[in-house]
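Enquirer: Got a structure for you, written out below as structure tokens; questions coming shortly.
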Amino acid sequence: MGEPRIGLIVNPAAGRDIRRLTGGANVVDNYAKRRVAECVLQGLRAVSDPPEATLMPDEAGIATTVVEDAPDSVSASLLDLSVRGTAADTRRTASRFREEGVNAIVVLGGDGTSRDVALECGDTALLPVSTGTNNVVPAAVDGTVAGAAAALVATGAVEGEAVTRRHGMVEARTDSDEVVTGLASVELSNRSFVGTRALLDPADLAGGIVSRANPADIGLSSVAGALGPLAPDESGAIGLRLDDADAAARTVMAIVAPGVVAEIGIEERRRLTGGELMTIEVEEGVIGADGERELELVDETVEFRSVGEGPRLVSLEAVFARAARNGVLANG
């Protein structure tokens, strides 16, 4: 086994979509992301012998600056990777981290960035930190806290299996065998084109599937959660068919986007377990994942399903509770 090592992925594009203009989403500029990343490296010093840190390079130069300003006690370097400024950079980096045996990955971004990492990171412990728009999965936590937790897991100061939880994933599959995978949700909208990609108008939502449900979430997970919770590590999923609020027999109030609370009509809400599917006939629409439109549809039958175990997400509360209980943060 090599030296303990963490991977750090900073998505420069996260938190910069149109919802900054039309909704109430926070603006997270590249300076703020750099400061969070710098705090992650400072957090690695929570253990006496900090793990090495390898950062995904980016066209904005965030990672380069963070490496140059790394604390003296932390060995930090850039991953040898040619970047193209797309989501493929994140997926390729997560794949490399998995192949090279990185012990934990810290991700700065939103749900979309976390999903891209989850698709490629395998069993590597994952710590998503919120710097994006849709933030159902990433935690709104100080980078120093995330870095300290990553160091405790990467060095074995706390047992990774004891402080991580499997997060479910969901998918939509069309007649033409196109697949869209989501970490928190896969949404069906009744728009006929992808457009800005960001889901803006609650009236666009026609249904979908979620791997987690809580009214405190954002988007389809909030809609599903208004009628009862589904924990991220519970098996199965919840399928939804939606309708106009004034035509539906049942409605809920939900946070459907940053700064947007709306009344949503529920035609059907169904718990899907044991490989069950929910099928929707679509004349014209768009499938999205985690709040971002992905695939235009015309005359398709779409199957929504749970795809089982997803990434191993680190529970910050569990990490620090175990570290304190084991005395790993104490001297003398």
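Enquirer: Check residue 219 against each of (1) modelled with pLDDT of 95 or more; (2) within 15 Å of the chain's Cα centre (by Cα); (3) open to solvent by less than 30 Å² (accessible area, probe 1.4 Å) and name the one condition it does not meet.
Expert: Residue 219 satisfies every listed condition except (1).
Enquirer: Only residues that are open to solvent by 50 Å² or more (accessible area, probe 1.4 Å) and either touching a Gly at 6+ places or on another chain (Cβ under 7 Å) or assigned to a helix (DSSP H, G or I) (or both): list them for region 143-164, please.
Expert: Answer for region 143-164, where residues must be open to solvent by 50 Å² or more (accessible area, probe 1.4 Å) and either touching a Gly at 6+ places or on another chain (Cβ under 7 Å) or assigned to a helix (DSSP H, G or I) (or both): 144, 145, 161.
Enquirer: Further question: May I ask you to list pairs of residues, at least six apart or on different chains, whose Cβ atoms are under 7 Å apart, with the first in region 70-90 being over 20 Å from residue 101 (Cα atoms) and the second being open to solvent by 50 Å² or more (accessible area, probe 1.4 Å) and modelled with pLDDT of 95 or more?
Expert: 71/42; 71/45; 73/45
Enquirer: Give me the residue from region 199-216 that is closer than 19 Å to residue 248 by Cα and open to solvent by 20 Å² or more (accessible area, probe 1.4 Å) and, out of that set, modelled with the lowest pLDDT.
Expert: Among those residues, the one meeting the criterion is 201.
Yes/no matrix, rows are residues, columns are (1) surrounded by 20 or more Cβ atoms within 10 Å (Cβ to Cβ); (2) of a type in the set (A, V, I, L, M); (3) at pLDDT below 95; (4) not in a helix (DSSP H, G or I):
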| site | (1), (2), (3), (4) |
| --- | --- |
| 6 | yes, yes, no, yes |
| 13 | yes, yes, yes, yes |
| 16 | no, no, yes, yes |
| 24 | no, no, yes, yes |
| 31 | no, no, yes, no |
| 36 | yes, yes, no, no |
| 59 | no, no, yes, yes |
| 93 | yes, no, no, no |
| 97 | yes, no, no, no |
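Residue by residue, here is whether (1) over 14 Å from the mean Cα position of the chain (by Cα); (2) open to solvent by less than 50 Å² (accessible area, probe 1.4 Å) holds:
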| residue | (1), (2) |
| --- | --- |
| 126 | no, yes |
| 132 | no, yes |
| 166 | no, no |
| 224 | yes, yes |
| 229 | yes, no |
| 236 | yes, yes |
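Enquirer: Checking residue 248 against (1) over 15 Å from residue 185 (Cβ atoms); (2) touching a Lys or Arg at 6+ places or on another chain (Cβ under 8 Å); (3) open to solvent by less than 30 Å² (accessible area, probe 1.4 Å), which single condition isn't satisfied?
Expert: All conditions are met except number (2).
Enquirer: Among the residues of region 262-283, is there at least one that is on the phi > 0 side of the Ramachandran plot and more than 21 Å from the chain's Cα centre (by Cα)? Break it down stepwise before answering.
Expert: Let us first name the residues in region 262-283 that are on the phi > 0 side of the Ramachandran plot, namely 274-275.
Next cut, more than 21 Å from the chain's Cα centre (by Cα) only: 274-275.
Yes, because at least one residue in region 262-283 is on the phi > 0 side of the Ramachandran plot and more than 21 Å from the chain's Cα centre (by Cα).
Enquirer: So which residues in region 251-262 are surrounded by fewer than 15 Cβ atoms within 10 Å (Cβ to Cβ) and either among the small types (Gly, Ala, Ser) or touching a residue at least 60 places away in the same chain (Cβ under 8 Å) (or both)? Can you show your working first?
Expert: First pass over region 251-262, keeping only residues surrounded by fewer than 15 Cβ atoms within 10 Å (Cβ to Cβ): 253, 259, 261.
Residue satisfying the conditions is 259 alone.
Enquirer: So, residue 106, is that one closer than 28 Å to residue 323 by Cα and either of a type in the set (Gly, Ala, Ser) or not in a helix (DSSP H, G or I) (or both) or not?
Expert: yes
Enquirer: For residues that are among the β-branched types (Val, Ile, Thr) and either under 23 Å from residue 239 (Cβ atoms) or in contact with a Gly (Cβ under 7 Å, 6 or more places away or on another chain) (or both), scanning just region 180-198, find the one that is modelled with the lowest pLDDT.
Expert: Just the residues of region 180-198 that are among the β-branched types (Val, Ile, Thr), to begin with: 180-181, 186, 194, 196.
Then drop every residue that is not either under 23 Å from residue 239 (Cβ atoms) or in contact with a Gly (Cβ under 7 Å, 6 or more places away or on another chain) (or both), which leaves 180-181, 186, 194.
Values: 180: 96, 181: 96, 186: 97, 194: 57.
Top of the filtered list is 194.
The values are calculated or read from the model by the stated rules, or taken from the named source; none is laboratory data. Given the structure is predicted, the values throughout are model-derived calculations rather than measurements. No Cβ is skipped: glycine too gets one built from the backbone with ideal geometry, and neighbour counts run over all protein chains shown. Accessible surface areas use protein heavy atoms only, side chains included; no ligands, DNA or RNA. Shrake-Rupley method; radii C 1.70, N 1.55, O 1.52, S 1.80 Å.
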